[in-house]
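Q: This is the structure, below, for whatever I ask next.
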């Protein structure tokens, strides 16, 4: 074989390596912005959360271009895309008390595990609400939404490589939901007893 044959292979791999490094950097930007959006939702800073989601969406647009041009390395963005979906769904649930009807990404390996992870974020949010003795009707609605997300995802009974390793995440989510139900019962009893004590 002549040298030019291997030079073509080298050139192709050098291009792939360059794209790979770019995609890793862009994915890191997406992941960080999405994580900051989630953290600000927990802190009640919805305006700041929106700013970080805006930054995430800009990174997302750039990342999706790689899906068209270099689909063979696009899997490197999956974890960051999951974090983004988690942030988008979490914000929508907290703000509107409903699950979004559509999402900015329709990639199964990102959407399905991202939504499963969102169940854990809703639990964290709900626990804070319960500790503060806040509106328990709202807490119950959030718990219902956790169940609704779970029921939606459990229908996707496909191989883990097609769903982004969804099955183990759903096992965790089921446990999270059951624990949250128990926590809600305990919180209701605590605040009822405290109210009776304060009024007595």
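Q: Could you check the range 128-142 and list, in sequence order, the residues that are in a helix (DSSP H, G or I) and in contact with a helix residue (DSSP H, G or I) (Cβ under 6 Å, 6 or more places away or on another chain)?
A: Within the range 128-142, 129, 130, 139, 142 qualify.
Q: Quick one: is residue 183 part of a helix (DSSP H, G or I), outside the structural domain of residue 65 (by TED's automatic domain parsing) and more than 21 Å from the chain's Cα centre (by Cα)?
A: Values: part of a helix (DSSP H, G or I): yes; outside the structural domain of residue 65 (by TED's automatic domain parsing): yes; more than 21 Å from the chain's Cα centre (by Cα): yes.
So residue 183 passes the test.
Q: Quick one: in the range 92-106, which of the residues that are at pLDDT below 95 and surrounded by 14 or more Cβ atoms within 10 Å (Cβ to Cβ) is nearest to residue 57 (Cα to Cα)? Talk me through it step by step, then tell me what you get.
A: Residues of the range 92-106 that are at pLDDT below 95, as a first pass: 101-102, 104-106.
From what's left, surrounded by 14 or more Cβ atoms within 10 Å (Cβ to Cβ): 104-105.
Values: 104: 9, 105: 10 Å.
Per the criteria, the residue is 104.
Q: Can you name the residue in the range 20-38 that is touching a helix residue (DSSP H, G or I) at 6+ places or on another chain (Cβ under 8 Å) and surrounded by fewer than 17 Cβ atoms within 10 Å (Cβ to Cβ) and is also nearest to residue 82 (Cα to Cα) among such residues?
A: 28
Q: Taking residue 155 as meeting all but one of (1) without any contact (Cβ under 8 Å) to a residue 24 or more places away in the chain; (2) part of a loop (DSSP other than H, G, I, E, B); (3) closer than 30 Å to residue 195 by Cα, write down the number of the exception.
A: (3)
The values are calculated or read from the model by the stated rules, or taken from the named source; none is laboratory data. Because the structure is a prediction, the values reported are computed rather than measured. Positions of Cβ are backbone-derived with ideal geometry, glycine not excepted, and every protein chain shown enters the neighbour counts.
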